[in-house]
Amino acid sequence: MPPPVLRFAPSPNGFLHLGHAFSALLNFQSARQREGRLLLRIEDIDATRCRPEFETAIYQDLAWLGVSWERPVRRQSEHLADYRAALDRLAALGVLYPSFESRAEIAALVKAREANGAWPRDPDGAPLYPGTAKPLPAIDRDRRLRSGAPFALRLDMEAARRLAGDLAWIERGSGPDGETGEILARPEIWGDVVLARKDIPTSYHLSVVIDDALQGVTEVMRGLDLFRSTAVHRLLQKILDLPQPVYHHHDLIRDSEGRKLSKSSEATGLRELRARGITPAQVRGLVGLP
């Protein structure tokens, strides 16, 4: 069996915290123990939030922790053509369509539907897209696109599900309810997800499956908060004929009130801890690693 290929893929939109340290160390440890490879990917598509100083800090913090990775680092902003090609293929398959409503307009549509009963929500608690753009005639879509109107490119979940058939993934960690082994994928619980916008040329869902495939990633080790998203990733892998990695979702590091850590929390930021004299060995202890 060839050695595994793992990756750590932070976004440079803030400083790393203990949760990032836990995930990076788990990936590094797993790759080293099995004589595998660890890749580093910088997910910097969102130009409004990602900043060079945060990217520099990622390299510094990981090196301080003792984590090493292969070069070169893949920076998503340098590979927009890869995501455009995937979108073109999805459009050719008939599973992509533009929607033109603003967030406020979508919220109003959802509110109107909720007047007749509960409107479905995705696993993150966001209401599913009401789907008002899907029936638009092609001539109307083209006219709006030519006018320069803002838009989001959405996956037609119903059409994509028909195309993909049954879906599952192999889970070596566990889900929120202890799920492990072969997991039945139900991407329809996410509705018609956004895969790109006029001003942001890809989404996390699309870029993560394209990047993993192009980098030859064989095992995805990431936080439990992304467990349900794997269903969407499996769907995209299937209809785009991409290889299927195995998945390992790990527990999250939480604050004293049980909340997932955020980059705004300086108390758990690696730079802040380092400034206070905390050592890498102590960081391992803080996240429960030997």
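Running a GNM on the chain with Cα contacts under 10 Å, which residue among ALA112, ALA231, ALA168 ends up with the highest mean-square fluctuation?
Evaluated over the chain, the most mobile residue of the options is ALA112.
Per Stokes-Einstein, at 37 °C and 0.692 mPa s, what whole-number D in µm² s⁻¹ belongs to segment 1-62, with the Kirkwood radius over Cα pairs as the hydrodynamic radius?
Once the numbers are plugged in, D ends up at 266 µm²/s.
Report for the chain the percent antiparallel among DSSP-assigned beta bridges with both residues inside it, nearest 5.
Here the share of antiparallel DSSP bridges comes out near 55 percent.
Once fully extended, how much extra length lies between LEU226 and ARG274, figured as 0.36 nm per residue of separation less the alpha-carbon to alpha-carbon distance?
My answer for the length gained is 14.5 nm.
How high is the relative contact order of segment 80-206, in percent, counting Cα pairs under 8 Å that sit 6 or more residues apart?
Reported relative contact order: 30 percent.
Taking a ≥ b ≥ c as the square roots of the Cα gyration tensor eigenvalues, with a/c under 1.5 meaning rounded and otherwise prolate when a/b beats b/c, else oblate, which class fits segment 80-206?
Oblate shape, in that a/c is at least 1.5 and b/c is the bigger or equal ratio.
Among the GluC sites (Glu not before Pro) in segment 31-116, which ones are in a DSSP loop with at most 12 other Cβ atoms within 10 Å of the Cβ? Mind listing them?
Hits after loop and neighbour filter: GLU35.
Given contacts defined as C-alpha pairs under 8 Å and at least six residues apart, what's the relative contact order of the chain, whole-number percent?
About 23 percent, as a whole number.
Going through segment 150-229, which GluC sites (Glu not before Pro) have at most 11 other Cβ atoms within 10 Å and a DSSP loop state?
For GluC sites (Glu not before Pro) across segment 150-229 that sit outside H, G, I, E and B with at most 11 neighbouring Cβ atoms in 10 Å, the list is empty.
Can you pull out the trypsin sites (Lys or Arg not before Pro) in segment 35-89 that DSSP calls coil and that have at most 13 other Cβ atoms within 10 Å?
Taking segment 35-89 and a limit of 13 other Cβ atoms within 10 Å, the loop trypsin sites (Lys or Arg not before Pro) found are ARG49.
Roughly how far apart, in whole Å, are the Cα centres of segment 81-101 and segment 35-61?
What the calculation gives is 26 Å, centre to centre.
A short reminder: the numbers here are calculations on the coordinates, not readings from a lab. Since we're looking at a predicted model, the values are computed, not measured. Neighbour counts run over all protein chains shown; Cβ positions are idealised from the backbone, glycine included.
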